[in-house]
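Asker: Submitted below is the structure of interest, expressed as C-alpha cells.
Since every read-out is calculated from the coordinates, none of them should be taken as a lab result. Since this is a predicted model, take the numbers as computed values, not measurements. In this analysis, Cβ positions are derived from the backbone assuming ideal geometry, glycine residues included, and neighbour counts consider all displayed protein chains.
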Amino acid sequence: MSKIPPPFRIGHGYDLHRLEPIAPDGSGRPFVLGGLAFEHDRGPVGHSDGDALLHAITDALLGALGEEDIGQLFPDTDPTHDGADSRRFLDAARRRVDEAGFEIGNLDATVILERPKIGPRKQELRLQLATLLDVDPNRVNLKGKTHEKVDAVGEGRAIEVHVIVLLCRRDEPSTG
Ligand code: MG
C-alpha cells in the first residue's frame, strides 16, 4: 500500500429541506439558495437559514477531506445556529480545505426543485458560488431540474441538492 497521499480527493454532498409557507402562515424561512434570496411563497424549514445548496456543498467539501459532516460540526441543538447564515458553514469547510493543502479542482451541483425556477438566475448563482468558494467560475457548475411533479419534491414541498467536488493538492512553493 502506497504511503504517498493521493493528489486528489473526491467528495459528495446531499441535502433536502422541506418547503413550507413562509411564517407566520407556516414554518418556512425566507427562500435562500446559494446565499441568494428568491421570491417565493414557501421557504425551507431548518434550524439554520435552510440553504440546501450551501449545506450540500459544505458536506461535499468535508466529505472529500474525510472529516465530520455538517450536522456533527454545526449541530441543530446549538442555539447559536438558529437562523444562521449558511455561508458561515461553507466558509468553515473552505478553510479546512485550504488548511489541508487542497484546492477545489471543480464542483458540480444539481438542484432539484419545482419552484421557484432557478434557470433565469443560474449564471448569477454560479458566480455567487465561485465568489463564496474563492475559485474561478469555470470550476463551478450548477444544474437545475424538476422532479416531474411526482413525490414531495415534484409537488413543491421540498428541495433536494446533490453535489460532487474534486479537491486537488496544491503545488507547494519550492523552498529550494
Ligand atoms: Mg440542510
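Asker: Using alpha-carbon positions, what is the distance between the centroids of the stretch 53-75 and the stretch 92-138, in Å?
Answerer: Result: 14 Å between the Cα centres.
Asker: Next question, about the same structure. Let's see if you can work this out: charge +1 on each Lys and Arg Cβ, -1 on each Asp and Glu Cβ, no other charges. What is the dipole magnitude of the stretch 1-41 about its Cα centre, in debye to the nearest 20?
Answerer: Roughly 520 debye for the stretch 1-41.
Asker: Hey, what number do you get for the chain at 222 nm if only DSSP H runs of n ≥ 4 count, each worth -39500 (n - 2.57), divided across all residues, to the nearest 500?
Answerer: Taking each H run of at least 4 residues, the total per residue is -7500 deg cm²/dmol.
Asker: Using the Cβ atoms and a cut-off under 12 Å, what net charge is assigned to the surroundings of A52, where Lys and Arg are +1 and Asp and Glu are -1?
Answerer: -3
Asker: Return the tail of the calculated pair distribution for the chain, meaning the percent of Cα-Cα pairs more than 28 Å apart.
Answerer: For the chain, the fraction of Cα-Cα distances above 28 Å is 24 percent.
Asker: Tally Lys and Arg at +1 and Asp and Glu at -1 over the other residues with C-beta under 14 Å from the C-beta of Q123: what net charge comes out?
Answerer: Result for the local shell: +4.
Asker: Let me ask something additional. For the chain, please report how many Lys pairs fall under 14 Å Cα to Cα, leaving out neighbours fewer than 8 apart on the same chain.
Answerer: Lysine pair count for the chain: 5.
Asker: Run the numbers for N141 and Q72: contour at 0.36 nm per residue of separation, minus the present Cα-Cα distance, in nm.
Answerer: 22.1 nm
Asker: Now for a separate question. For the stretch 33-176, what is the charge dipole size about the Cα centre, in debye to the nearest 20, if Lys and Arg each add +1 at the Cβ and Asp and Glu each add -1 at the Cβ?
Answerer: Around 580 debye, computed over the stretch 33-176.
Asker: Any idea what the relative contact order of the stretch 11-150 is, in percent, if you count C-alpha pairs under 8 Å spaced at least 6 apart?
Answerer: Computed value for the stretch 11-150: 21 percent relative contact order.
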